[in-house]
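Peer 1: This is the structure I want to talk about, given as structure tokens.
The values are calculated or read from the model by the stated rules, or taken from the named source; none is laboratory data. Bear in mind the structure is a predicted one, so any value in this text is a computation, not a measurement. Cβ placement follows ideal geometry from the backbone for every residue including glycine, while neighbour counts extend to all protein chains displayed. Side chains are part of the model used for accessible areas, which takes the heavy atoms of the whole protein and leaves out ligands, DNA and RNA. Shrake-Rupley method; radii C 1.70, N 1.55, O 1.52, S 1.80 Å.
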Amino acid sequence: MNALAATNRNFRQAARILGLDGKLEKSLLIPFREIKVECTIPKDEGTLVSFVGFRVQHDNARGPMKGGIRYHPEVDPDEVNALAQLMTWKTAVAKIPYGGAKGGIGCIPKDLSTSELERLTRVFTQKIHDLIGINTDVPAPDMGTNAQTMAWILDEYSKFHGHSPAVVTGKPIDLGGSLGREAATGRGVVYATEALLTEHGKNIKDLTYAIQGFGNVGSWAARLIHEMGGKVVAVSDITGAVKNPNGIDIPALLKHKEARGRLADFSGADAMDSNDLLTHECDVLIPCALGGVLNRENAGDVRAKYVIEAANHPTDPDADEILAKKGVTILPDIYAKAGGVTVSYFEWVQNIQGFMWDEEKVNEELRKYMTRAFRDIKSMCQSHNCNLRMGAFTLGVNRVARATVLRGWEA
Ligand SMILES: NC(=O)C1=CN([C@@H]2O[C@H](COP(=O)(O)OP(=O)(O)OC[C@H]3O[C@@H](n4cnc5c(N)ncnc54)[C@H](O)[C@@H]3O)[C@@H](O)[C@H]2O)C=CC1
Ligand SMILES: O=C(O)CCC(=O)C(=O)O
């Protein structure tokens, strides 16, 4: 099942549990606006090359639309649609005053030079600048993009609209970025894991972890779990995978990666087949890379007791059912990885206030937001006798539905 079909299915199930009016349900599924633009740039050697860029603005009932922009070869309209919708529920679960959006450009970022990436980003911004804005739609980094990408968007957007730091989040600190934003998604994943484990009478430090993806989210989650005494026993990325039953030395692995080393060549652990990471022996499995990685083929072999969804929609509905039957607890993506957009919200607030918070305050507020959201999800689970995914979906959908009705919806 593709990402959009799976997301729609979860939404419909939540709408049914909530007893949502049929017309409202239909309207909440239809995106506010879908943008598709052609972006042609000269390559460094002078030839022209064209890419397709997307921005799907899903819903703005609760505030400006918000979500990342990814550069990835598999970016397609359906996937961007699903991700935009997930952002709407995610911002509502986190109780931050935003709607949802997502964008992307179908490209292979590693095959483009820095100046080509800059030209591509600027052309994309020229095509969408009058459809984004501080109070309409605020982009941020996602897979294949980073703070530098946001700096280019900020610069290009400001040529049309005047200096506007709050038009993007995840910016470099020197341009108004927030302290703590870079680590925020991974940190939020760890706070979310902590909230779940505490509920189950367990502690981060007593468990073992397997982490798929060692980019921004995966590496920060691994670093923080390691600092808290948890044992990361397996890690993978696009270049390979490593394992060590006694726990991988994460700071050493980070140094190895910074030196542009392939994961599998790390001397402090044994190389393993990346395909085995998801079924590796561990207590907690944290997918931090791609969508749909847990599916009918491998879900039966998962050995973890907890799956923390730190990628967008990593578990397809078949896997959801199989894992539930095995007694595996899944912490859903629209909650587990809300830390990034939550600190994006803090960044936007700081830009609007013209006042910078210290990192301690950012992290402390993030912990408060993540802990509150977990409590709110559990309360939905109790009221509706449902699992954590439906607890999170009903929480998010209900908040958006309420805002929509308050703004003047008539059935
Ligand atoms: N960075 C952020 O603040 C946010 C990220 N996300 C999501 O989190 C996930 C990860 O994002 P980032 O860490 O930012 O991306 P990233 O681009 O920094 O890292 C992605 C990681 O996944 C690895 N990877 C790619 N294909 C793989 C494969 N087949 N097997 C194993 N590893 C593979 C890459 O090597 C890399 O280590 C994505 O789903 C993204 O949409 C969501 C919210 C915010
Ligand atoms: O910080 C943001 O606005 C982007 C977050 C995002 O794209 C996500 O949570 O998937």
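Peer 1: Fully extended, how many nm does the chain gain between LEU175 and ARG303 (0.36 nm per residue separation, minus their Cα-Cα distance)? Show your work: numbers first, answer last.
Peer 2: Details: separation 128, 0.36 × 128 = 46.08 nm, distance 4.43 nm.
Extra length from LEU175 to ARG303 when fully extended: 41.6 nm.
Peer 1: So, with +1 on the Cβ of K and R and -1 on the Cβ of D and E, and no other charges, what is the size of the charge dipole of the chain about its Cα centre, to the nearest 20 debye? Please list the in-between numbers first.
Peer 2: On the way: 48 positive and 50 negative charges, 242 e Å.
Dipole of the chain, to the nearest 20 debye: 1160 debye.
Peer 1: Would you mind calculating the relative contact order of the chain from Cα pairs under 8 angstrom and at least 6 residues apart, reporting the percent as a whole number? Spell out each step's value before the answer.
Peer 2: On the way: 863 pairs, mean separation 70.8, N = 411.
Here the relative contact order equals 17 percent.
Peer 1: P(r) for the range 65-171: what percent of alpha-carbon pairs falls in each 10 Å bin, starting at zero?
Peer 2: Percent of Cα pairs in each bin: 16, 49, 31, 4.
Peer 1: Please name which of ALA289, LEU406, ALA338 has its Cα lying farthest along the dipole of the chain towards the positive end, using unit charges on Cβ (Lys, Arg +1; Asp, Glu -1) and the Cα centre as origin.
Peer 2: LEU406
Peer 1: One quarter of the convex hull surface, Cα atoms only: what value does that give for the range 174-215 in nm²? Don't skip to the answer; put the middle values down first.
Peer 2: On the way: hull surface 16.4 nm².
Across all orientations, the range 174-215 yields a mean hull projection of 4.1 nm².
Peer 1: Let me ask you something else. What is the distance, in nm, between label points placed 7 Å from the Cα along the Cα-to-Cβ direction at HIS200 and at ASP276?
Peer 2: 2.4
Peer 1: Here's a follow-up. For SER383, SER236, give the ranking by accessible area with the largest first, probe 1.4 Å.
Peer 2: Values: SER383 85, SER236 5 Å².
Solvent-accessible surface, decreasing: SER383, SER236.
Peer 1: A further question follows. Which trypsin sites (Lys or Arg not before Pro) in the range 192-285 pass both tests, a DSSP loop state and at most 15 other beta-carbon atoms within 10 Å?
Peer 2: On the way: sites: LYS202, LYS205, ARG223, LYS231, LYS243, LYS255, LYS257, ARG260, ARG262; in loops: LYS202, ARG260, ARG262.
Counting only loop positions with at most 15 other Cβ atoms within 10 Å, the trypsin sites (Lys or Arg not before Pro) in the range 192-285 are ARG260, ARG262.
Peer 1: For LYS368, list the aspartates and glutamates whose Cα falls under 17 Å from its own Cα; do not include residues on the same chain fewer than 8 positions away.
Peer 2: Of all the aspartates and glutamates, those that pass the test against LYS368 - Cα under 17 Å, at least 8 places apart if same chain - are GLU194, GLU199, GLU347, ASP358, GLU359, GLU360, ASP376.
Peer 1: Tell me, what % of the accessible area of the chain is carbon and sulfur with a 1.4 angstrom probe? Can you show the working numbers first?
Peer 2: On the way: 8270 of 16950 Å².
Its accessible area is 49 percent carbon and sulfur atoms.
Peer 1: Just want the answer: with Cβ charges of +1 for Lys and Arg and -1 for Asp and Glu, which residue in THR279, VAL232, ILE204 is farthest toward the dipole's positive end in the chain?
Peer 2: It is ILE204.
Peer 1: How large is Rg/Rh for the range 253-376, to two decimals, with Cα atoms and a Kirkwood Rh?
Peer 2: On the way: Rg = 18.0 Å, Rh = 16.9 Å.
Over the Cα atoms of the range 253-376, Rg/Rh equals 1.06.
Peer 1: Ok, one more. Kindly flag which residue pairs out of LYS127/LYS159; LYS110/LYS231; LYS231/LYS255; LYS102/LYS171; LYS305/LYS326; LYS202/LYS305 have an alpha-carbon separation exceeding 20 Å in this structure. Can you show the working numbers first?
Peer 2: Values: LYS127/LYS159 13 Å; LYS110/LYS231 32 Å; LYS231/LYS255 18 Å; LYS102/LYS171 17 Å; LYS305/LYS326 9 Å; LYS202/LYS305 12 Å.
Listed pairs above 20 Å: LYS110/LYS231.
Peer 1: Still on this structure, please answer the following. Using a Förster radius of 51 Å, what is the FRET efficiency between LEU48 and ARG260 based on their Cβ-Cβ separation? Nearest 0.05, please.
Peer 2: On the way: r = 31 Å, r/R0 = 0.60.
The calculated FRET efficiency here is 0.95.
Peer 1: With the Cα gyration tensor of the range 154-277 giving a ≥ b ≥ c as the square roots of its eigenvalues, does the rule (a/c under 1.5 for rounded; else a/b larger than b/c for prolate; else oblate) give rounded, prolate or oblate?
Peer 2: On the way: a/c = 2.92, a/b = 1.61, b/c = 1.81.
Here the range 154-277 falls in the oblate category.
Peer 1: Rule-of-thumb check for the range 1-131: C-alpha Rg over 2.2 N^0.38 Å? Write down the numbers at each step before the final one.
Peer 2: Values: Rg = 16.7 Å, N = 131, 2.2 N^0.38 = 14.0 Å.
Compactness ratio reported: 1.19.
Peer 1: Out of GLY177, GLY104, GLY354, any idea which swings most in a Gaussian network model of the chain, alpha carbons joined below 10 Å?
Peer 2: Maximum fluctuation in the GNM of the chain, among the listed residues, is at GLY354.
Peer 1: What aspartates and glutamates does LYS257 reach when the alpha-carbon gap must be under 14 Å and sequence neighbours fewer than 8 apart in one chain are set aside?
Peer 2: Those aspartates and glutamates meeting the cut-off are ASP237, ASP249, ASP265.
Peer 1: Which one of ILE96, VAL217, PRO245 has its Cα pushed farthest toward the positive end of the charge dipole of the chain, where Lys and Arg give +1 and Asp and Glu give -1 at the Cβ?
Peer 2: Among ILE96, VAL217, PRO245, the one farthest towards the positive end of the dipole of the chain is ILE96.
Peer 1: Now for a different question. For the chain, what is the mean residue ellipticity at 222 nm derived from helices alone (per DSSP H run of n ≥ 4: -39500 (n - 2.57); sum divided by total residues; nearest 500 deg cm²/dmol)? Kindly include the intermediate steps, with their values, before the conclusion.
Peer 2: Details: 13 runs with 184 residues, N = 411.
Theoretical 222 nm ellipticity from helices: -14500 deg cm²/dmol.
Peer 1: Viscosity 1.002 mPa s, temperature 20 °C: what is the translational diffusion coefficient of the chain from Stokes-Einstein with a Kirkwood Rh over Cα pairs, rounded to a whole number of µm²/s? Working shown, then result.
Peer 2: Working: Rh = 21.5 Å.
It comes out at roughly 100 µm²/s.
Peer 1: Where is the GNM fluctuation largest for the chain (alpha-carbon springs, 10 angstrom cutoff): PHE124, PHE51, PHE11?
Peer 2: It is PHE51.
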